[in-house]
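Here is the structure we will look at, set down as structure tokens.
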Amino acid sequence: MDHLTIIDKAAKYVKHKLFDFEEGGHDWLHTFRVWQTTRSLAMHTKCNKTVAELGALFHDIADAKFTNGDETIAIKQTEDWLQQENIEKNIISAVVHIVKHVSWRKQYKYDAIDYPELAIVQDADRLDAIGAIGIARAFSYGGFAKRPIIVPSAEANRLNDMEDTISHFYEKLLHIKDSLHTEHARSLAYERHEFMLQFLNQIHKEISSHDN
Ligand code: ADP
Ligand code: NI
């Protein structure tokens, strides 16, 4: 099967599976954005475009946050679908490698030169976690997980240091720009990072009036 046919078929399959996903930050449209960003990063990087695009399409097919931590489901669903389409074995293992290691939580260490397809899918996924879209996704997930938006310090003790979504910016989102592998992704991250800083500044300003 040629590149366009297989990518088109995979996109239809993933879209069908993720279309009305229970959490808006990990739905088909997240995957769609990661796929499109991957395509544009692939234009600037020497890599196997079929592997990169399939990796982007399958990267959140069954995120462990929504499967009680079971990481084998995503791998099995990816493998099953690609095998059923008679995709070459080396392509299947490269795509599965992406699905296995793309997540921030895993902190998988590797050299981007060795795995350029993983590097660009990971960059594309991380770019979608920052900027205006990243802010929207954080609060979508925070709502899904029933986390408060922001706990003013005057209330922090009473709420027993309950973790708010704003903490996620300091724990992860503000570190993303320094974790990117490709030059092109870094150039796209700059404005998004600045926008998050501006947002955090503003929300603290608004909330601080309740802290007196
Ligand atoms: P990865 O798939 O790289 O491990 P996650 O799935 O944990 O990353 O995160 C994807 C997005 O989900 C984050 O960028 C963020 O928008 C949202 N998210 C994850 N954990 C939290 C959290 N504790 N609070 C708010 N948003 C979160
Ligand atoms: Ni993702």
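Derivation of every value follows stated rules applied to the coordinates shown; laboratory data play no part. Computed from a predicted structure; not experimentally measured. Backbone-built Cβ (ideal geometry, glycine too); neighbour counts: all protein chains shown.
Quick look at the values:
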read-out: In order through region 108-118: 3J(HN,Hα) via Karplus (6.51 cos²θ - 1.76 cosθ + 1.60), integer Hz, x for Gly, Pro; value: 5, 9, 7, 9, 4, 5, 6, 10, x, 5, 4
read-out: Computed E for Thr5/Thr72 - FRET, C-beta separation, R0 35 angstrom, nearest 0.05; value: 0.75
read-out: Spherically averaged projected area of region 92-165 from its Cα convex hull (nm²); value: 6.7 nm²
read-out: Residue order, fewest to most surrounding Cβ atoms within 10 angstrom, among Lys12, Lys65; value: Lys12, Lys65
read-out: Anisotropy class of region 14-110 from Cα gyration tensor, a/c 1.5 cut; value: rounded
read-out: Label-reachable residues, region 112-141, where backbone N falls under 14 Å from a point 7 Å from Glu191's Cα toward its Cβ; value: 131-133
read-out: Rg/Rh for the chain, where both radii come from Cα atoms and Rh is the Kirkwood radius; value: 1.01
read-out: Two-site label geometry, Leu174 and Ile203: point separation in nm, points 7 Å out along Cα→Cβ; value: 1.2 nm
read-out: Total formal charge among the other residues, if their Cβ is under 15 angstrom from that of Leu127, Lys/Arg +1 and Asp/Glu -1; value: 0
read-out: Crossing angle, helix 72-84 versus the chain [Cα axis fit, 0-90 degrees, rounded to tens]; value: 30 degrees
read-out: Set of lysines near Lys146 by C-alpha distance (under 18 Å), chain-local residues within fewer than 8 positions excluded; value: Lys65
read-out: Karplus (6.51, -1.76, 1.60) ³J(HN,Hα), θ = phi - 60°, over region 141-149, in Hz, Gly and Pro reported as x; value: 5, x, x, 4, 8, 6, 8, x, 5
read-out: Between helix 183-208 and the chain: long-axis angle, C-alpha atoms, 0 to 90°, nearest 10; value: 20 degrees
